[in-house]
Amino acid sequence: MIIPDSTAPARTAGPPVTRFAPSPTGDVHLGNARTALFNLLLARRGGGRFLLRIEDTDTVRSRENYRERQLEDLRWLGLEWDAGPGREDERGPYRQSERTALYERYFDQLAAAGAVYPCFCSPLELEVSRKAQLASGRPPRYAGTCRELSAEQQAARRAQGISPTLRFRVPPGERVEFIDLVRGPQSALTDDIGDFIVRRADGAAAFFFSNAVDDACMGVTQVLRGEDHLANTPRQLLVLRSLGLAPPEYGHVSLLLDGAGAPLSKRHGAASVRDYRAQGYLASAILNHLFRLGHSTAEHGLLGLEEMARAFDPAHLGRAPAHFDESQLRGWQKEAVRHLTPDEARRWLRDVLPAGLDERPASAFLEAVLPNVELPADARAWVEVVFGGPPELDTAASGFIRDAGSGYFAAAVRGAEASGNDLRAIAGAIRTATGRKGAALYMPLRAALTGRAEGPELAPLLKAIPAGQVRERLARFA
RNA sequence: GCUCCCUUCGUCUAGAGGCCUAGGACAUAGCCCUCUCAAGGCUGUAACACGGGUUCGAAUCCCGUAGGGAGCGCCA
């Protein structure tokens, strides 16, 4: 028997409904963020809705504070959901821990159809069985111990106080087929799938079940998710079919790898959105990099969410795993910093700007320095140079100053006193006194003012340095 | 172990049998611009994992090999 192509029906006629469904067991990492982004984009480009659903059925691992952190990270990225936590609607609630009544109804329905059966096997028994199968070179699958238990046998086990799990009875000898949004036609044999648990002993719904049921009940039309779900999709299709629910279209994007080729999701710490945020990376830099990871587009510059939505094309999702590349991220970061408005820049750097700095000097500073800043740490160094005392000279700077001589700086001081912080005036005074031009004219100035041989353009930099400081820095070499 | 997925420049990718002398972006190198750095402009280096087929013709189709990944959980 063949399960009809799940992509054909009229369900796809309306606007798309997509979702991101994290479980609150850790911080959002780059792989998750990309999945969320793709789903949001898919919805937006079709004028549809993007849902956020919290998959917190595992009460042991789920943590309230992770949930809050995840919401915060998503919001920080700008990935706002149309419905979900804090934005409930008639399809909710959007936390699986609050959907148990709904699950119960569907469990009953499955039971009535004979599609599930109680399983009394203990975790230990199951593990032993798995190991034995593996050892003898067979795939580890549920042995079917409780599959054909009689009512009496079931009653006996219950009498022993064993609370059973609920297993889905996978029909033998079928081929499950579906069309993957990114990988094309897929098929699997049900004989390769063991009976799986849809309800745990504690009564909680298991992933294969709750995830699929919720997608169907929430009207989700397309699911873009990690490739790790590809091989399990047939189970969800089976569950949905037994329930008479329409499955969404599934598309499986490849996993994100780190530079060493290891899956990002298996790493800890460094790959989380929070960490990059803490380092000072901008949301738009991260988004733009993720947008191109495993996805190709003709658009080249820094894109906003709207533009990404227009340019997003699921047909251009790659099948091969993509490597997250820090140097690419830095490239986007550079772009993102250049696109910052003055207000955004000030907010971005509020922790490194001197406390209580007025708006005018702050603007002057940012205008001068921002083109040379990638991360807040870079700006911090320039804060020192601009607002600190006379800077220490590095060797290159000392060389320029020695070469210029005291007459040069005497002229510079005169120029500064006459004009304030005007580069043209200062340079003019020096030129008149020394006849210097080009690098010979400007580099000693830069060296005396900043202590180094490279940095932002001098004219705006001069405007940013307090006037008294300019004279003082020049005068010490006169 | 079994099943499934994947493999084009350093990285992300375009490519659906002739348009490929394999294109673009980022990174990188050189030059120009320039007070330096950055930006910008120009130019360059750089890839179809391997082996067999099929075909007049293959990056594109088939088979195999190698390598990577996933799934087979009372995790999601």
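Would you say A:Ala278 is among the hydrophobic types (A, V, I, L, M, F, W, C), closer than 30 Å to A:Gly47 by Cβ and more than 10 Å from RNA strand B (Cβ to nearest atom)?
no
Quick grid of which residues meet (1) of a type in the set (D, E, K, R); (2) touching a residue at least 24 places away in the same chain (Cβ under 8 Å); (3) under 11 Å from A:His289 (Cα atoms); (4) in contact with a His (Cβ under 9 Å, 6 or more places away or on another chain):
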| position | (1), (2), (3), (4) |
| --- | --- |
| A:Gly318 | no, yes, no, yes |
| A:Leu329 | no, yes, yes, yes |
| A:Gln333 | no, yes, yes, yes |
| A:Val337 | no, yes, no, no |
| A:Ala345 | no, yes, no, no |
| A:Arg350 | yes, no, no, no |
| A:Leu353 | no, yes, no, no |
| A:Gly356 | no, no, no, no |
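In the set A:Pro248, A:Pro234, A:Pro263, which member is crowded, with 16+ Cβ neighbours inside 10 Å, under 26 Å from the mean Cα position of the chain (by Cα) and either among the β-branched types (Val, Ile, Thr) or at pLDDT 95 or above (or both)?
The conditions single out A:Pro248.
Identify, from the list A:Leu224, A:Leu245, A:Leu238, A:Leu230, the residue that is in contact with a His (Cβ under 9 Å, 6 or more places away or on another chain), under 23 Å from A:Thr57 (Cα atoms) and more than 10 Å from RNA strand B (Cβ to nearest atom).
A:Leu224
Which numbered condition in (1) touching a residue at least 12 places away in the same chain (Cβ under 8 Å); (2) within 35 Å of the chain's Cα centre (by Cα); (3) under 22 Å from A:Val198 (Cβ atoms) is the only one that A:Trp81 fails?
Status for A:Trp81: all satisfied but (3).
What tally of residues in segment A:92-125 results from selecting those that are farther than 22 Å from A:Leu237 by Cβ and either open to solvent by less than 30 Å² (accessible area, probe 1.4 Å) or in contact with a Phe, Trp or Tyr (Cβ under 7 Å, 6 or more places away or on another chain) (or both)?
The total comes to 5.
Filter segment A:13-42 for residues that are among the charged types (D, E, K, R) and not in a helix (DSSP H, G or I) and give the result.
The answer is A:Arg19, A:Asp27.
So which residues in segment A:204-215 are open to solvent by less than 10 Å² (accessible area, probe 1.4 Å) and out of contact with any strand residue (DSSP E or B) (no Cβ under 8 Å at 6 or more places or on another chain), if there are any at all?
Scanning segment A:204-215 gives A:Ser210, A:Asn211, A:Ala212, A:Asp214.
For segment A:315-362, how many residues meet the condition of being crowded, with 17+ Cβ neighbours inside 10 Å, in a helix (DSSP H, G or I) and more than 11 Å from RNA strand B (Cβ to nearest atom)?
6
If you take the residues of segment A:15-69 that are over 16 Å from the mean Cα position of the chain (by Cα) and among the small types (Gly, Ala, Ser), which of them is surrounded by the most Cβ atoms within 10 Å (Cβ to Cβ)?
Restricting to residues being over 16 Å from the mean Cα position of the chain (by Cα) and among the small types (Gly, Ala, Ser), the top hit is A:Ala43.
Please verify whether segment A:298-306 includes one or more residues that are of a type in the set (Asp, Glu), within 30 Å of A:Ile179 (Cα to Cα) and assigned to a helix (DSSP H, G or I).
Within segment A:298-306, one or more residues are of a type in the set (Asp, Glu), within 30 Å of A:Ile179 (Cα to Cα) and assigned to a helix (DSSP H, G or I).
Here are A:Val176, A:Val182: which of them is farther than 20 Å from A:Gly244 by Cβ, of a type in the set (A, V, I, L, M) and either open to solvent by less than 20 Å² (accessible area, probe 1.4 Å) or within 11 Å of RNA strand B (Cβ to nearest atom) (or both)?
The unique qualifying residue is A:Val182.
What's the number of the condition A:Glu374 fails, among (1) among the acidic types (Asp, Glu); (2) modelled with pLDDT under 90; (3) open to solvent by less than 50 Å² (accessible area, probe 1.4 Å)?
Result: A:Glu374 fails condition (2) only.
For segment A:422-478, how many residues are within 14 Å of RNA strand B (Cβ to nearest atom), basic (Lys, Arg) and either open to solvent by less than 10 Å² (accessible area, probe 1.4 Å) or over 14 Å from A:Ala404 (Cα atoms) (or both)?
Adding up the residues that qualify gives 3.
What about A:Leu257, is it near RNA strand B (Cβ under 8 Å from one of its atoms), modelled with pLDDT under 95, open to solvent by 50 Å² or more (accessible area, probe 1.4 Å) and over 30 Å from A:Thr100 (Cα atoms)?
no
If I filter segment A:194-203 down to residues being open to solvent by less than 20 Å² (accessible area, probe 1.4 Å) and either free of Cβ contacts under 8 Å to residues at least 40 places away in the same chain or within 8 Å of RNA strand B (Cβ to nearest atom) (or both), which single residue comes out as farthest from A:Ala115 (Cα to Cα)?
Restricting to residues being open to solvent by less than 20 Å² (accessible area, probe 1.4 Å) and either free of Cβ contacts under 8 Å to residues at least 40 places away in the same chain or within 8 Å of RNA strand B (Cβ to nearest atom) (or both), the top hit is A:Gly194.
Looking at A:Gly137, A:Gly114, which is the one that is touching a residue at least 40 places away in the same chain (Cβ under 8 Å) and on the phi > 0 side of the Ramachandran plot?
A:Gly114
So, of the residues in segment A:10-61 that are over 25 Å from A:Arg277 (Cα atoms) and among the polar types (S, T, N, Q), which turns out to be farthest from RNA strand B (Cβ to nearest atom)?
Going through the qualifying residues, I end up with A:Thr12.
Is one or more of the residues making up segment A:134-143 open to solvent by 60 Å² or more (accessible area, probe 1.4 Å), within 12 Å of RNA strand B (Cβ to nearest atom) and touching a Gly at 6+ places or on another chain (Cβ under 6 Å)?
Checking segment A:134-143: at least one residue is open to solvent by 60 Å² or more (accessible area, probe 1.4 Å), within 12 Å of RNA strand B (Cβ to nearest atom) and touching a Gly at 6+ places or on another chain (Cβ under 6 Å).
Inspect all residues belonging to segment A:282-289 and state whether any of them is part of a loop (DSSP other than H, G, I, E, B), under 22 Å from A:Leu349 (Cα atoms), more than 8 Å from RNA strand B (Cβ to nearest atom) and open to solvent by less than 10 Å² (accessible area, probe 1.4 Å).
no
Within segment A:408-421, can you find the residues that are open to solvent by 30 Å² or more (accessible area, probe 1.4 Å) and either of a type outside the set (Gly, Ala, Ser) or within 14 Å of RNA strand B (Cβ to nearest atom) (or both)?
Answer for segment A:408-421, where residues must be open to solvent by 30 Å² or more (accessible area, probe 1.4 Å) and either of a type outside the set (Gly, Ala, Ser) or within 14 Å of RNA strand B (Cβ to nearest atom) (or both): A:Arg414, A:Glu417.
The values are calculated or read from the model by the stated rules, or taken from the named source; none is laboratory data. Because the structure is predicted, anything quoted here is derived from the model rather than measured. Quick reminder, even Gly has a Cβ in these numbers, built from the backbone with ideal geometry, and neighbours come from all protein chains shown. Note: accessible area is taken over every heavy atom of the protein model, side chains too, but ligands, DNA and RNA are not part of it. Shrake-Rupley method; radii C 1.70, N 1.55, O 1.52, S 1.80 Å.
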